[in-house]
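K.L.:
Let me begin by handing over the structure; questions about it come next.
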Amino acid sequence: MAAPTDISPAAYIPLPQQDEEITTLRRALVAKLTYAVGKDPITASEHDWFMATALTVRDRIVDRWFPSTRAIYQEKRKRVYYLSLEFLIGRLLADSLNNLGITNQMRDALRELGVSLERLEAIEPDAALGNGGLGRLAACYMESMASLAVAAHGYGIRYDHGLFRQTINDGWQGEVPENWLASGNPWEFERPEVLVSIGFGGTVEAVEQADGQDTYAWHPAETVEAQAYDTPVVGWRGRHVNTLRLWSARAPDPLKLDAFNRGDHVAALASQAQAAMITQVLYPSDETPAGEELRLRQEYFFSSAALQDIIRRHMRQHDGEIRSLAEHVAIQLNDTHPAIAIPELMRLLVDVHQLPWDEAWDIAVATFSYTNHTLLPEALEHWPVALMERLLPRHMQIIYLINAKHLERLKASGRVSDEQMGEVSLIEESHGRQVRMGWLSFVGSHKVNGVSALHTDLMKTTVFSAFHKIYPDRIVNKTNGVTFRRWLMEANPGLTDLMVDVVGPKILHDAETLGEFAAFADDAGVHERFWAVRKERKAALAALTWEKLHIRLDPEAMFDVQIKRQHEYKRQLLNILQTIALYDQMRAQPHRNWTPQVKIFAGKAAASYHNAKLIIKLINDVARTVNADPTLHGLLKVVFLPNYNVSLAEQIIPASDLSEQISTAGMEASGTGNMKLALNGALTIGTLDGANVEIKEHVGDDNIFIFGLTAAEVQASRAEGLKTAEIVAGSPMLQQVLDQVRSGVFSPDQPDLYKPLVDGLMDHDHFLVLTDFDAYCARQADVRDRWRDKTGWMRSAILNTSHMGFFSSDRAIREYAEDIWNVPVTKR
Ligand code: 26V
């Protein structure tokens, strides 16, 4: 094997003159610091340097932005619009430098100025405008669309406050507002001139036309202005730059001067406060069924702003011809959150542009497509008809009309019985009349997709089965993907360098070529370097754990990680119960040759999700007990790392040996953390759920640890009714663990604290924790045995990385482009 050379990704861009580039960058940095930040290098703080650096990088992105935009305009290319209430972007400095290919030059330029690039990267706030998987997927897709030169715009909300910061006090989660904009956002351009009016409430007027037909005019009672903020999204090697346009709410008339002059200062500013409320905070969407009016306002606010903007751009570019909209525009609805865009487009086409209804409907269906991200019934959006009538009266009328035509068509087809009509109606009549946003999204889209093969099958057979029968070609699968630029190259430069060394720089450009790394699965030299890279990342995570929690970790131990939102269906509880069982076994047989293991947890629970928060407390209580037990000699450690976010994920993932993907089968639509972990060489222990099924197919049965009931078995076992007492009686280990938790072994100050948790398991065990417990423990034992065979483990780890090419978001975006949007992408 060749000796390691200078192989960091940035070294592969043929830049004319490295020295010249460094000098140019250094001069640009000083100029930015001086004239844009207004600071003298002598007194500049680290944050000042961060701003100067980001602004310098942004200039380079802008240089490529305008040619990209001009080319799309001139070629009249079809555009993709990705509408999402969430974009979980994370930090952008390292990402932008990497994509531009100037990481090393920037590091050197800063060093010459006495500044550390790594420290600047670490102080960038993490833009958390999303909750979890759905929001992060939107961010990965924005990056891939830019890298593949798909002409795309993201549309969303510029929340003043993104997802809360999680604190852990005495094991309990606390929530603190996150103020990511407090010190300014260097990546965005404020567009005070891009304003769109958004109406709410009011009345609808029917106006009779000369031909006797009525047209409708909506007179909103209230208007709010949407102001645009644009963030350029740079693709790989800066070849293409797209725009993420986020909207912020303003009052059209922020200061009522007459009220102010009367001395009523509160009233004078009230309209601004009221309007601004709409974009103040991100809804923790997996908290409560989103029944709040403010959430509906957010959804309509950004959907309407996006559509008005899209139509304005289309009309300007295509000679004012609204009829050609679907030829030039594809709109992807990221879950049902922007589904109100469907009646909004109908309103704009019919009421404003005066198109006949049927023609408008054909345009709408040809324009929209919808991605479903969860089948959990409690997560499917419904809006009360009464609320819709009050807030969006014209849209409610349009929904009624869409529904009438939809039901009429079904009746005429003779394929749906009268009883079935109620099930497929867009209006749910039994729970106080609600609009079913999933059904609306389905009928208003030409394609509807699931996010893994299993999830798509379940869409067809469960939630959307009636619709699938009527429209058998509409549901398609688009298995999720993640951007390898962020999740491999930036998060794990050591592993990237190693693969570039042995396979060549092509792996940087084409994820599929990762497969060639498999040829080195038995290469002793590669093993040695692979292990060294992992060990270095694990030592870094151990240092972080020491710094944050004062817990010492041994980088030689197996790092077993479960990092994701805290939710009962994801079964962190199963993991911690198994941890207790292992703890018991270790204490019972202290002289056995145990595998040193670290259980790492991280993830936020929704603020009002009581059980999820109680499970976090249990994890922390078990951690305290286990970590303080001297009889274990440090063989088992448990840590809960607070405030999981994109940047923490980037630190944990390359240091992970074992990836926990243990959701109740059928409940995790796809998962994307599973992909990031396997890509970085972690082996998966998991159920046959979501994308785990496809990961298994790609990495091979020998390189993954599968256990537990399948989705079909889960359905059958639920139908049969669980016999929890029998299950527990059949497993002495489980019995012992439950007794310990129930009796307060881990919560001596509050012995009854976990009683409700155990009683809940015994009573219904909706997520089948008890059913899968023994199988999970057995698989964990297999994992420990496999870890002892270092060579075998490494072979499996290398094969995991090698076979993850399919899970690149570039592949996913190519599929969307071909099968759904009908737009060209750059060849590999
Ligand atoms: C929402 C809600 C709302 C009400 C209470 C329960 C509940 C539970 C889950 C959710 C999830 C909302 C959608 C979401 O984030 N889905 C995730 O999307 C990812 C990207 O497709 C996918 O990988 C995850 O499996 C899926 O959970």
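The values are calculated or read from the model by the stated rules, or taken from the named source; none is laboratory data. Note that the coordinates shown come from a computational prediction; the quantities given were computed from them, not determined experimentally. Ideal geometry is used to build each Cβ from the backbone, glycine not excepted, and the neighbour counts take in all protein chains shown. Quick note on the areas: whole protein, heavy atoms, side chains included, nothing else; ligands and nucleic acids left out. Shrake-Rupley method; radii C 1.70, N 1.55, O 1.52, S 1.80 Å.
K.L.:
Would you say Ala226 is in contact (Cβ under 8 Å) with a residue 60 or more places away in the chain, open to solvent by less than 40 Å² (accessible area, probe 1.4 Å) and closer than 26 Å to Gly154 by Cβ?
P.N.:
yes
K.L.:
Is it the case that some residue within region 272-291 is in a helix (DSSP H, G or I), touching a residue at least 60 places away in the same chain (Cβ under 8 Å) and within 16 Å of the ligand (Cβ to nearest atom)?
P.N.:
Within region 272-291, none of the residues are in a helix (DSSP H, G or I), touching a residue at least 60 places away in the same chain (Cβ under 8 Å) and within 16 Å of the ligand (Cβ to nearest atom).
K.L.:
Shifting gears a bit: Within region 710-742, restricting attention to residues that are touching a residue at least 60 places away in the same chain (Cβ under 8 Å) and open to solvent by 10 Å² or more (accessible area, probe 1.4 Å), which residue is nearest to His455 (Cα to Cα)?
P.N.:
If we filter region 710-742 for residues that are touching a residue at least 60 places away in the same chain (Cβ under 8 Å), which is where we start, we get 711, 733-734, 736-738, 740-741.
Adding the requirement that they be open to solvent by 10 Å² or more (accessible area, probe 1.4 Å) leaves 711, 733, 736, 740.
Working: Ala711: 10, Met733: 33, Gln736: 36, Gln740: 37 Å.
So the residue we want is Ala711.
Per-residue answers, yes or no, for (1) away from the ligand (no atom under 16 Å from the Cβ); (2) open to solvent by 10 Å² or more (accessible area, probe 1.4 Å):
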residue: Asp629; (1), (2): yes, yes
residue: Gln651; (1), (2): yes, yes
residue: Gly666; (1), (2): no, yes
residue: Leu679; (1), (2): no, no
residue: Ala682; (1), (2): yes, no
residue: Val693; (1), (2): no, yes
residue: Gly708; (1), (2): yes, yes
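K.L.:
Name every residue in region 112-133 that is open to solvent by 30 Å² or more (accessible area, probe 1.4 Å) and either within 16 Å of the ligand (Cβ to nearest atom) or over 15 Å from Trp187 (Cα atoms) (or both), in order of residue number. Quick ask: steps written out before the conclusion?
P.N.:
So in region 112-133, the residues open to solvent by 30 Å² or more (accessible area, probe 1.4 Å) come out as 112-114, 116, 118-119, 121-123, 125, 133.
Passing the criteria: Glu112, Leu113, Gly114, Ser116, Glu118, Arg119, Ala122, Gly133.
K.L.:
If we keep just the residues of region 470-493 that are touching a strand residue (DSSP E or B) at 6+ places or on another chain (Cβ under 9 Å) and within 14 Å of the ligand (Cβ to nearest atom), which is nearest to Ile102 (Cα to Cα)?
P.N.:
Thr483
K.L.:
Okay, next question. Quick one: which residue in Thr231, Thr203, Thr279 is surrounded by fewer than 16 Cβ atoms within 10 Å (Cβ to Cβ) and of a type in the set (S, T, N, Q)? Spell out the reasoning first.
P.N.:
On the way: Thr231 fails: surrounded by fewer than 16 Cβ atoms within 10 Å (Cβ to Cβ); Thr279 fails: surrounded by fewer than 16 Cβ atoms within 10 Å (Cβ to Cβ).
Unique residue meeting the criteria: Thr203.
K.L.:
Here is a follow-up. Report yes if some residue within region 236-257 is assigned to a helix (DSSP H, G or I), open to solvent by 60 Å² or more (accessible area, probe 1.4 Å) and more than 30 Å from Arg58 (Cα to Cα); otherwise report no. Talk me through it step by step, then tell me what you get.
P.N.:
Applying the first criterion (assigned to a helix (DSSP H, G or I)) to region 236-257 yields 236-238, 257.
Cutting the leftovers down to open to solvent by 60 Å² or more (accessible area, probe 1.4 Å) gives us 257.
Checking which are more than 30 Å from Arg58 (Cα to Cα) leaves us with 257.
Yes: region 236-257 contains one or more residues that are assigned to a helix (DSSP H, G or I), open to solvent by 60 Å² or more (accessible area, probe 1.4 Å) and more than 30 Å from Arg58 (Cα to Cα).
K.L.:
So, one more: Take Ile813 and decide whether it is assigned to a helix (DSSP H, G or I) and buried (at least 22 other Cβ atoms within 10 Å of the Cβ).
P.N.:
Working: assigned to a helix (DSSP H, G or I): yes; buried (at least 22 other Cβ atoms within 10 Å of the Cβ): yes.
Spelling it out, Ile813 is indeed assigned to a helix (DSSP H, G or I) and buried (at least 22 other Cβ atoms within 10 Å of the Cβ).
K.L.:
Looking only at region 695-704, count every residue that is open to solvent by less than 20 Å² (accessible area, probe 1.4 Å) and not hydrophobic (A, V, I, L, M, F, W, C) and tell me the total.
P.N.:
Here is the first cut: in region 695-704, the ones open to solvent by less than 20 Å² (accessible area, probe 1.4 Å) are 695, 699, 703-704.
Remaining after also requiring not hydrophobic (A, V, I, L, M, F, W, C): 703.
Summing the residues that are open to solvent by less than 20 Å² (accessible area, probe 1.4 Å) and not hydrophobic (A, V, I, L, M, F, W, C) in region 695-704 gives 1.
K.L.:
Inside region 465-488, can you point out the residues that are of a type outside the set (Lys, Arg) and without any contact (Cβ under 8 Å) to a residue 60 or more places away in the chain? Outline the logic, then answer.
P.N.:
Initial filter on region 465-488 (of a type outside the set (Lys, Arg)): 465-468, 470-473, 475-477, 479-484, 487-488.
Ser465, Ala466, Phe467, His468, Tyr471, Pro472, Asp473, Ile475, Asn477, listed by residue number.
K.L.:
Could you look through region 150-169, keep only residues that are in contact (Cβ under 8 Å) with a residue 40 or more places away in the chain and open to solvent by 20 Å² or more (accessible area, probe 1.4 Å), and pick out the one that is farthest from Gly90 (Cα to Cα)? I'd like the intermediate steps shown before the answer.
P.N.:
Looking only at region 150-169, we keep the residues that are in contact (Cβ under 8 Å) with a residue 40 or more places away in the chain, and these are 150-168.
If we keep only those that are open to solvent by 20 Å² or more (accessible area, probe 1.4 Å) too, we end up with 153, 158, 160-161, 164-165, 167-168.
On the way: His153: 18, Arg158: 14, Asp160: 15, His161: 14, Phe164: 14, Arg165: 13, Thr167: 19, Ile168: 22 Å.
Within region 150-169, the match that is farthest from Gly90 (Cα to Cα) is Ile168.
K.L.:
Let me ask something else. Do the conditions hold for Lys506, that is, is it modelled with pLDDT of 95 or more and over 30 Å from Thr374 (Cβ atoms)?
P.N.:
On the way: modelled with pLDDT of 95 or more: yes; over 30 Å from Thr374 (Cβ atoms): yes.
Yes, satisfied.
K.L.:
To continue, here is another question. Out of all the residues in region 311-337, which are closer than 18 Å to Ile820 by Cα and not hydroxyl-bearing (Ser, Thr, Tyr)?
P.N.:
Leu325, Ala326, Glu327, His328, Val329, Ala330, Ile331, Gln332, Leu333, Asn334, Asp335
K.L.:
Follow-up. Kindly evaluate Glu208 against the criterion of being acidic (Asp, Glu) and either within 16 Å of the ligand (Cβ to nearest atom) or under 23 Å from Ile342 (Cα atoms) (or both). Write out each step before concluding.
P.N.:
Working: acidic (Asp, Glu): yes; either within 16 Å of the ligand (Cβ to nearest atom) or under 23 Å from Ile342 (Cα atoms) (or both): no.
It is false that Glu208 is acidic (Asp, Glu) and either within 16 Å of the ligand (Cβ to nearest atom) or under 23 Å from Ile342 (Cα atoms) (or both).
K.L.:
Separate question: Open to solvent by less than 10 Å² (accessible area, probe 1.4 Å) and either at pLDDT below 95 or assigned by TED's automatic domain parsing to the domain that holds Arg295 (or both), is that true of Ala339?
P.N.:
On the way: open to solvent by less than 10 Å² (accessible area, probe 1.4 Å): yes; either at pLDDT below 95 or assigned by TED's automatic domain parsing to the domain that holds Arg295 (or both): yes.
Yes; evaluated as a whole, the condition is true for this residue.
K.L.:
Now a separate question. Is it fair to say Ala109 is buried (at least 24 other Cβ atoms within 10 Å of the Cβ), more than 16 Å from the ligand (Cβ to nearest atom) and not in a strand (DSSP E or B)?
P.N.:
Numbers: buried (at least 24 other Cβ atoms within 10 Å of the Cβ): yes; more than 16 Å from the ligand (Cβ to nearest atom): yes; not in a strand (DSSP E or B): yes.
Yes; evaluated as a whole, the condition is true for this residue.
K.L.:
While we're on this one: Working carefully through the options Asp473, Asp522, Asp501, find the one that is open to solvent by 10 Å² or more (accessible area, probe 1.4 Å) and assigned to a helix (DSSP H, G or I). Walk me through how you get there before you give the answer.
P.N.:
Numbers: Asp473 fails: assigned to a helix (DSSP H, G or I); Asp522 fails: assigned to a helix (DSSP H, G or I).
On inspection, the qualifying residue turns out to be Asp501.
K.L.:
Which of the residues spanning region 760-777 are open to solvent by less than 30 Å² (accessible area, probe 1.4 Å) and outside any loop (DSSP other than H, G, I, E, B)?
P.N.:
Result: Gly760, Leu761, Val769, Leu770, Asp772, Phe773, Tyr776, Cys777.
K.L.:
Is region 595-610 home to any residue that is open to solvent by 10 Å² or more (accessible area, probe 1.4 Å), farther than 18 Å from Thr687 by Cβ, more than 16 Å from the ligand (Cβ to nearest atom) and touching a residue at least 12 places away in the same chain (Cβ under 8 Å)?
P.N.:
The answer is yes; a qualifying residue exists.
K.L.:
Looking at region 525-550, which of the residues that are hydrophobic (A, V, I, L, M, F, W, C) and in contact with a Gly (Cβ under 9 Å, 6 or more places away or on another chain) is least open to solvent (accessible area, probe 1.4 Å)?
P.N.:
Just the residues of region 525-550 that are hydrophobic (A, V, I, L, M, F, W, C), to begin with: 526, 530-533, 539-544, 546, 549.
Cutting the leftovers down to in contact with a Gly (Cβ under 9 Å, 6 or more places away or on another chain) gives us 530, 532-533.
On the way: Phe530: 1, Ala532: 58, Val533: 28 Å².
Ranking the candidates gives Phe530 first.
K.L.:
Let me ask you something else. With respect to Phe559, is the statement that it is open to solvent by less than 30 Å² (accessible area, probe 1.4 Å) and among the hydrophobic types (A, V, I, L, M, F, W, C) true?
P.N.:
It is true that Phe559 is open to solvent by less than 30 Å² (accessible area, probe 1.4 Å) and among the hydrophobic types (A, V, I, L, M, F, W, C).
K.L.:
Within region 316-338, can you find the residues that are at positive phi and within 16 Å of the ligand (Cβ to nearest atom)? Spell out how you get there, then give the answer.
P.N.:
Kept after step one, since they are at positive phi, are these residues of region 316-338: 319-320, 335.
Once the filter is applied, which keeps residues that are at positive phi and within 16 Å of the ligand (Cβ to nearest atom), region 316-338 yields only Asp335.
K.L.:
A further question follows. Determine which member of the set Gly686, Gly673 is under 20 Å from Arg486 (Cα atoms) and either within 16 Å of the ligand (Cβ to nearest atom) or touching a strand residue (DSSP E or B) at 6+ places or on another chain (Cβ under 7 Å) (or both).
P.N.:
Details: Gly686 fails: under 20 Å from Arg486 (Cα atoms).
Only one candidate qualifies: Gly673.
K.L.:
With the requirement that a residue be hydroxyl-bearing (Ser, Thr, Tyr) and surrounded by fewer than 21 Cβ atoms within 10 Å (Cβ to Cβ), what does region 25-82 give you?
P.N.:
We begin by selecting, within region 25-82, every residue hydroxyl-bearing (Ser, Thr, Tyr); these are 34-35, 43, 45, 53, 56, 68-69, 73, 81-82.
Hits for region 25-82 are Thr34, Tyr35, Thr43, Ser45, Thr69, Tyr73.
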